[in-house]
Amino acid sequence: MKTRHFLYGGDYNPEQWPEEVWEADMKLLKAAHINELTINVFSWASLQPSEDTYDFSKLDRIMDMARDNGFSVMLATSTAATPPWMAKRHPDILRTDGDGMKRKYGARHNFCPSSPTMRKYAPLLAGKLAERYKNYDNLIAWHVGNEYGGMCCCDNCQKKFRQWLKKKYGTLDNLNRAWNTAFWSHTYYDWDEIVIPDKRSENFMSEGGKPITQVQDTYLDYERFNSDNMLEEYILERDAIKAVTPDIPVTTNFMWFFEGLDYNKWSKYMDFVSWDCYPHYDTDPAELAMAHDLIRGVGGQKPFVLMESCPSSTNWQHINPAKRPGELTMQSLEAVAHGADAVQFFQMRRARGAAESMHGAVIEHVGLGGTRVYNEVRALGEKLEGMDDILGSTVPAECAIVFDWENWWAIDVIQGPTELVDYKAECINYYRAFYDLHIPVDVISTETDLSKYRVVVAPFMLMVQDGFAEKVSDYVKNGGTFVTSYMTGLVDKDYLFYQGGYPGPFRETLGIWVEEQNALPPEKTDHFTWNGKEYEAHIVCDLIHPLSDLKRLIEDNKKALGDIDYLKDKAYHISDDACDAEVQGTYADDFYKGVTVLSENHYGNGHSWYVGTSSTPEFYRDLISAVADESGVKPLASNVPDGVEVAVRKNEKGTFVFYINHKDFGVDIKRI
């Protein structure tokens, strides 16, 4: 979304207040340099008292007030929470939990995305809003729904799931093959035999207390379906708006590292991406930085909107400390440093009652300006007014980390070798290394063109999407550097394990064969050496062999088994020019002492690295430092004090370098 100035504002809910408060709000917000209001997020019940009755009179007054006072508006469809009458008269709107319990009316995120009622009334309301307010020249964007998420397991969702499967697989033979249904007598002979994988069917709790499923293929497809199904509902509202206001951009607000929806897919149906940033008091600064880069990445590396952040203390975390003086400014400018062209808060004025009444706001319950928080909001607004040259600029990253939602889902439900595997945590391990080295990094999908990057890291790629391994192979052959890690290349997109040796389609690019994995209990640490230093090995230890060992094993089996079709499959073909990776590090402990843990392969004009375990921040930092140096990647700065983050944006107006201090005390900038 293109704007002439940084958007500065956020959620404003005047419908929750007597109208005599509104005039004071306008004056206080303008004095704080607020220039944008997000309106109508949760107003469905007041806008539509019944099926055929609409009342826009109060929203008319709110929209007129915002326009008359010079505020830009992001207008929400208010469909994130349904009205009580809808649940009473149309119970199909209510969700069913994973244990089969039909919910009653309440809370928010309270609609079934398959509900015919929701799919009728939500786009109808969105279209009416677009028609009514299309001529407001301060309407700069549409905000559909709010923080989409959750899952439903009702009969309507089950019917739609079967329809989704029919469209994907075409025939039951194809589905049975993809799901490996010969296992545990699961072969399906009728589409109506397929049920949702929930606690009543395939899902259960493991001994370690982790939610898990018996048939990963079914679960993975239901995750895909749920994301697609909710996206369909969003698109219905978006299309109703676009039919009336095709030139006004549309978005919805994403959330942190939210696992439930494939944001890479959702972002294709938005004009710009936005997200709600609520770090906990103990959130790792590197994780916060990566969250911004993740959202920028799903938006195609274009500037994004920080739709919500908290000006003081949240209310829904287990501990909600007040933001310290300067922390609001620091976190807001960090978002800008990573690509935000807007800084927005939830909320403008604190509610007097219900769930979010203790959530911080620009105007606190005292109802006055001049508070500590208000004064910092005002000072930040003044600062942003002098930063317009940054608008539209991008982050000039030469390195990238691949983050794939389907791979995340696949890892979460794998049974073995350990429940300690954590995809998000492993991605952050590598990101933190770039962060500590002050090297800008993009977070990308498996669909992204890799050619612009000198270094691409794809941690823990258990599931390999169609075409990605080939893309990586071409990238490395053409001079790129690729880094991946343990348990990569085990399954294909259908969650079927590769035959012919791990890491599946990456074997020749990496020049290795992973024979097996050893899981380490949390209290056990193995060790390995690299470049004369010793590092710890955690969670999983891949036992890595040269690719030539696998090639010999295949040839030995061909001699022993004779001329059989099984071994003629391409999974057992290794090119004559495939070479072995160089051993960079070996294990120092256990029965696999001396076995490779870290390897580097010279492949074409590039390099590929395989890290067979999880380790410590020191190791990741040393590895990425070596890889970056080998690839000609330079850090933004050196000799930066601990706790100071360095980020950069660039456009035709210049290069803008940010130094962000995460410490509770000042840092002498002259030392940087």
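The values are calculated or read from the model by the stated rules, or taken from the named source; none is laboratory data. None of these values were measured; they are calculated from a predicted model. Glycine gets a Cβ as well: all are built from the backbone with ideal geometry, and neighbour counts include every protein chain shown. These accessible areas exclude ligands, DNA and RNA; they are computed on the full protein's heavy atoms, side chains included. Shrake-Rupley method; radii C 1.70, N 1.55, O 1.52, S 1.80 Å.
Couple of notes before you dig in:
- Pairs, first of a type in the set (Val, Ile, Thr) in the range 326-354, second assigned to a loop (DSSP other than H, G, I, E, B), C-beta under 7 Å, six or more apart: Val343/Phe6
- Test: residue in the range 238-250 that is touching a Pro at 6+ places or on another chain (Cβ under 6 Å), crowded, with 20+ Cβ neighbours inside 10 Å and not acidic (Asp, Glu): yes
- Summed over the range 192-211, the residues that are closer than 23 Å to Asp173 by Cα, open to solvent by 40 Å² or more (accessible area, probe 1.4 Å) and not charged (D, E, K, R) give a count of 2.
- Number of positions in the range 212-237 that are of a type in the set (S, T, N, Q), in a helix (DSSP H, G or I) and either within 18 Å of His109 (Cβ to Cβ) or open to solvent by 10 Å² or more (accessible area, probe 1.4 Å) (or both): 4
- Test: residue in the range 608-628 that is part of a strand (DSSP E or B) and hydrophobic (A, V, I, L, M, F, W, C): yes
- Filtered by the rule that a residue be within 22 Å of Ile140 (Cα to Cα) and open to solvent by 10 Å² or more (accessible area, probe 1.4 Å), the range 256-271 gives Ser267, Lys268, Tyr269, Met270, Asp271.
- Some residue of the range 515-522 being part of a strand (DSSP E or B) and without any contact (Cβ under 8 Å) to a residue 40 or more places away in the chain: yes
- Matching residues, the range 354-373, being in a helix (DSSP H, G or I) and farther than 16 Å from Asp11 by Cβ: Arg372
- Restricting attention to the range 161-180, the residues that are crowded, with 18+ Cβ neighbours inside 10 Å and more than 29 Å from the chain's Cα centre (by Cα) add up to 1.
- Number of the exception - Gly106 against (1) open to solvent by less than 30 Å² (accessible area, probe 1.4 Å); (2) closer than 27 Å to Met1 by Cβ; (3) among the small types (Gly, Ala, Ser): (2)
- The condition (being open to solvent by less than 40 Å² (accessible area, probe 1.4 Å) and modelled with pLDDT of 95 or more) is satisfied by just one residue among Tyr535, Tyr502, Tyr572: Tyr535.
- Considering only residues in the range 415-460 that are under 26 Å from Ala537 (Cβ atoms) and basic (Lys, Arg), the one that is surrounded by the most Cβ atoms within 10 Å (Cβ to Cβ) turns out to be Arg432.
- Count of the range 271-292 residues, restricted to those that are in contact with a helix residue (DSSP H, G or I) (Cβ under 8 Å, 6 or more places away or on another chain) and assigned to a loop (DSSP other than H, G, I, E, B), is 3.
- Tallying residues that are surrounded by fewer than 16 Cβ atoms within 10 Å (Cβ to Cβ) and over 30 Å from the mean Cα position of the chain (by Cα) within the range 517-526 yields 3.
- The residue that is nearest to Ala141 (Cα to Cα), among those in the range 66-86 that are open to solvent by 10 Å² or more (accessible area, probe 1.4 Å) and hydrophobic (A, V, I, L, M, F, W, C), is Ala81.
- The residues on offer are Asp589, Asp565, Asp664, and the sole one that is of a type in the set (D, E, K, R), over 32 Å from the mean Cα position of the chain (by Cα) and open to solvent by 60 Å² or more (accessible area, probe 1.4 Å) is Asp565.
- Candidates Cys157, Cys152, filtered to the one that is in contact with a Lys or Arg (Cβ under 6 Å, 6 or more places away or on another chain) and either in a helix (DSSP H, G or I) or crowded, with 21+ Cβ neighbours inside 10 Å (or both): Cys152
- Those residues of the range 24-40 which are touching a Ser or Thr at 6+ places or on another chain (Cβ under 9 Å) and either open to solvent by 10 Å² or more (accessible area, probe 1.4 Å) or within 17 Å of His5 (Cβ to Cβ) (or both), in sequence order: Asn35, Glu36, Leu37
- Scanning the range 554-601 for residues that are aliphatic (A, V, I, L, M), touching a residue at least 24 places away in the same chain (Cβ under 8 Å) and in a helix (DSSP H, G or I) yields Ile554, Ala571.
- Some residue of the range 52-61 being surrounded by 14 or more Cβ atoms within 10 Å (Cβ to Cβ), in contact (Cβ under 8 Å) with a residue 40 or more places away in the chain and touching a Ser or Thr at 6+ places or on another chain (Cβ under 9 Å): yes
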